[in-house]
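Remarks on the structure that follows.
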Amino acid sequence: MTAEKLARTATLGAALPALLLALWWVATADSTDPYVPPLSLIFSTFPETWTAERLQHDVIPSLARLLSGFVLAVVIGVAAGVAVGSFHGLRHTLEPVLEFLRAIPSPVLIPVVILFAGIDDTMKILVIVYGCVWPVLLNTVEGVRAIDSVLTDTSRCYGINRSARLRHLILPGASPHIFAGMRQALSLSIILMVIGEMFAASNGLGFSIVQFQRSFAIPEMWTGIIVLGLVGIALSLLLGLIERRALAWYFGLRRSQRRE
Amino acid sequence: MTSTVSKPPLTDTRPMLDVRGLKKVYGGGRTDPVEAVRDLTFSVAPGELVCIVGPSGAGKTTLLKCIAGLMQPTEGEVVLGAQTVSGPPAGMAVVFQEYGRSLFPWLTVRQNVELPLKEKKLPKARRTELVVKALSAVGLEHVHDSYPWQLSGGMQQRVAIARAVAYEPQVLLMDEPFAAVDAQTRADLEDLVRELWRRLGVTIVFVTHDIDESVYLGQRVIVLSSSPTVVMEDVTVDLPAERDQIGTRSSQRFGELRTRVYSLIQQAKHHHDL
Ligand SMILES: Nc1ncnc2c1ncn2[C@@H]1O[C@H](COP(=O)(O)OP(=O)(O)OP(=O)(O)O)[C@@H](O)[C@H]1O
Ligand SMILES: [Mg+2]
């Protein structure tokens, strides 16, 4: 992509959020409703609320939970997905079980997990892992199955077996699907992090937002929601960056196929 | 080197490759079974270059996949050296008909050629040497760091050939490897194959549906019938071992042989109507 094109995409990408913010600003400018404070008030509350201390106390622990949960889910999802995708029999045996487990919404497990893992970080991370593992796993299975049979034959002929096969054929071959799963998992992980922190926590973004709301610190609550949104955007940009590097070959391949 | 090894006496040379009563039926189960190959028997002596021609859909690819151990025959067997092939044997390289799809899109041209050598546990210096040599042999010394999808179809095909050549196989199977290259490159690659074959002593099974090509390249041309497939005829190409594009192709014997193979193919197409 050229620099000019990149700049244009970035401008377009920023235009809609800017418009929405402007709308929000105008719509709430003379608001007297305590639950919907003017955006100007929310902005002015922001610096005093999100001090360095608060970032350290609430944002860092949240990010740590989110990332541990996400990374664990990706590792487990990819490992299980490769196994299930590679063995025809395993897939047939496991499919109904997987469908059942996937249908259970992760938050309802919180009471169960609390019984086993208590209310500390383990519980919050487990909830994220449970919710995020499915999109990664199912997309990985899909990706492994989508690997071109000619490429599989080529690998077999040239003695690319076992770990080399995993490294040079299966993982790169499934990586476009794996990244699609990771993107779904990332948005889930933010939701699950907040839910986990609303249950039993002494810090974290979800915890602070609930605290603000309970103490009627409404502008502060709104700033918390904005921080949450910013965290989400930052993480998805970061994942996008990693994806563009890791899948450069894939985007190039697709462009060359479109040209034909 | 003489080219009259079509039926080597068993006491003398053991065949490198022995295809015995090969039959392959696809499907069954949910789909109607397709009998791609009915009964193929032939052998290839060590260091021989054999071309296989046959109408489209005759089962040439099926035959190669059985030889490569990528597929189990329904009946019969393929014996390589002294062993029945039951999986991909070591020391065998294959250039697939779907050459474009046989290249790893996430690897550069150089990495594509080098990967099988890594799995062969060759030291780095040797690998580099082989990769450079193979890529310049096919005229691709300038695209080492390109990705396959950045190349034209003909160039991709040459990468696949370079990968097979760099592998230094004992047996090389090629499935219509020159289908996507222009006439000049094709002539160059034909000479390259002959030169590599004579230099390395590799056994080559070369599938093509270009009759001239089969006569120009091979010591023997095995003509297959249309599906369900049997060997129509095993034609010995008694041209001198020293061949060149202009001289050989304009020789009288070449003309006779190509006419012979051509009429066999015509017969092959109508084989089952008789
Ligand atoms: N995987 C498969 N499943 C079912 N039928 C198949 C399969 N592969 C090939 N066939 C059938 O077997 C027959 C022989 O196919 P094959 O690809 O071996 O022919 P070929 O001689 O290589 O043809 P071409 O010259 O077009 O490459 C065809 O009728 C084809 O439709
Ligand atoms: Mg074929």
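The values are calculated or read from the model by the stated rules, or taken from the named source; none is laboratory data. Keep in mind it's a predicted model, so treat the numbers as computed, not measured. Methodologically, a virtual Cβ is constructed for each residue, glycine included, from the backbone with ideal geometry; neighbour enumeration extends over all protein chains shown. Just the protein is used for accessible areas: all its heavy atoms, side chains included, with ligands, DNA and RNA removed. Shrake-Rupley method; radii C 1.70, N 1.55, O 1.52, S 1.80 Å.
For the residues of B:96-108, the average number of beta carbons from a partner chain within 10 Å of their own beta carbon is 5. Taking a ≥ b ≥ c as the square roots of the Cα gyration tensor eigenvalues, with a/c under 1.5 meaning rounded and otherwise prolate when a/b beats b/c, else oblate, which class fits the protein assembly as shown? Here the protein assembly as shown falls in the prolate category. For chain A, the square roots a ≥ b ≥ c of the C-alpha gyration tensor eigenvalues yield an a/c of 1.5 or more together with a/b not exceeding b/c, which makes the shape oblate. Using the Cβ of A:TRP50 as centre and a radius below 14 Å, the other residues enclosed give a net charge of -3, where K and R count +1 and D and E count -1.
Dividing the mean sequence gap of close Cα pairs (under 8 Å, 6+ apart) by how many residues chain A holds gives a relative contact order of 23 percent. Neighbouring Cβ atoms from other chains, within 10 Å of the Cβ of residues in B:113-119, number 4 on average. Which of the three applies to region B:44-87, rounded, prolate or oblate, going by the alpha-carbon gyration tensor with a ≥ b ≥ c and a/c under 1.5 meaning rounded? Oblate, because a/c is 1.5 or more while a/b does not exceed b/c. Each Lys or Arg adds one and each Asp or Glu subtracts one; over the other residues with Cβ under 12 Å from the Cβ of B:LEU151, this totals 0. For A:LEU67, the accessible surface of its heavy atoms amounts to roughly 80 Å² (probe 1.4 Å, protein chains only, rounded to the nearest 10).
On the basis of the beta-carbon distance and an R0 of 45 Å, A:LEU12 and B:ASP32 show a calculated FRET efficiency of 0.25. For B:HIS270 and B:ASP244, the FRET efficiency from 1/(1 + (r/R0)^6), where r spans their Cβ atoms and R0 equals 35 Å, is about 0.50.
Among residues other than A:HIS177 with Cβ under 10 Å from its Cβ, the summed charge is 0 (Lys and Arg +1, Asp and Glu -1). With a Förster radius of 30 Å applied to the beta-carbon distance between A:ALA234 and B:GLN111, the computed FRET efficiency rounds to 0.35. Over chain B, Cα pairs under 8 Å with separation of 6+ residues give a relative contact order of 26 percent.
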